Amino acid sequence: MGRRDLLLVQVDQAYERLRRRLDGLGEDEYFWEPVKGCWTIHRDETGRWVTDYAFPDPVPAPVTTIGWRFVHIADCKVMYHEYAFGARRLTFPDLVPPATVRGALERLDEGQRLLRSDLVGLEADQLDQPRLTNWGEEWPAWRIFWAMIDHDLHHGAEIGCLRDLYRASGVKDAAATRREIRAGQRLKV
């Protein structure tokens, strides 16, 4: 089995594991803030959906919600494709965070489809050719996919842990839907 095929196996396995961790995710979990000061997705004062973010990251970085991590994974897939194999036009602020689990799943699946298609389209000798990252650094193509495999496994494990904490917390009345969250409001536990 060649390097590309090995990467494909890992890309598929990591993604399948991530998707299993997202099975049955509800809107209440998507927005749940396990501690005060979480980074999340929410409406800003203008009513636009935004993702909490700072550059550079504060040290220590805030705890992030399931929704934040979920959107982060999906957006990174889109951005890695965009700069390594696409038009190189999008920026993170262009990607309005999905306000629902369904919307986030659609973005995640589309990002995965794009990256997997990019990998399938490469010949073995193209794996070492430089590709651009969204921050301007060049990496060999194989490293783009290796980073996404690691990313799915890392954040998928975090989401799994947060989902366990959510279930163990006994939160039953913290359900939130996009209709209940008004501009500038956050779900409090």
With +1 assigned to the C-beta of every Lys and Arg and -1 to the C-beta of every Asp and Glu, and no other charges, what is the dipole magnitude of the chain about the Cα centre in debye, to the nearest 20? 540 debye
Points 7 angstrom from Cα along the Cβ direction at residue 165 and residue 59: gap in nanometres? 2.2 nm
Scalar couplings 3J(HN,Hα) for the stretch 146-162 by Karplus 6.51 cos²θ - 1.76 cosθ + 1.60 (θ = phi - 60°), nearest whole Hz, x for Gly and Pro, are 4, 4, 5, 4, 4, 4, 4, 5, 4, 6, x, 5, 4, 4, x, 5, 5
Translational diffusion coefficient (Stokes-Einstein; Kirkwood radius from C-alpha pairs) of the stretch 8-63 at 37 °C, 0.692 mPa s, in µm²/s: 233 µm²/s
Which of 153, 84, 50 sits farthest toward the positive end of the charge dipole of the chain, with +1 on the Cβ of Lys and Arg and -1 on the Cβ of Asp and Glu? 50
Which FRET efficiency value, to the nearest 0.05, is calculated for residue 13 and residue 129 with the Förster distance at 30 angstrom and r the Cβ-Cβ distance? 0.75
So I have (i) 31, 18, 14; (ii) 39, 24, 15; (iii) 43, 20, 15, and one of them is semi-axes √(5λ) of the Cα gyration tensor in Å calculated from this model. Which one is it? (i)
At 0.36 nm per residue, minus the direct Cα-Cα distance, what do residue 44 and residue 90 gain on full extension? Give it in nm, one decimal, please. 14.5 nm
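Laboratory data are not the source of any read-out in this text; all were calculated from the coordinates shown. Quick caveat, the model's predicted, so the values are computed rather than measured. Note that each Cβ is placed from the backbone with ideal geometry, even for glycine, and that neighbours are counted across all protein chains shown.
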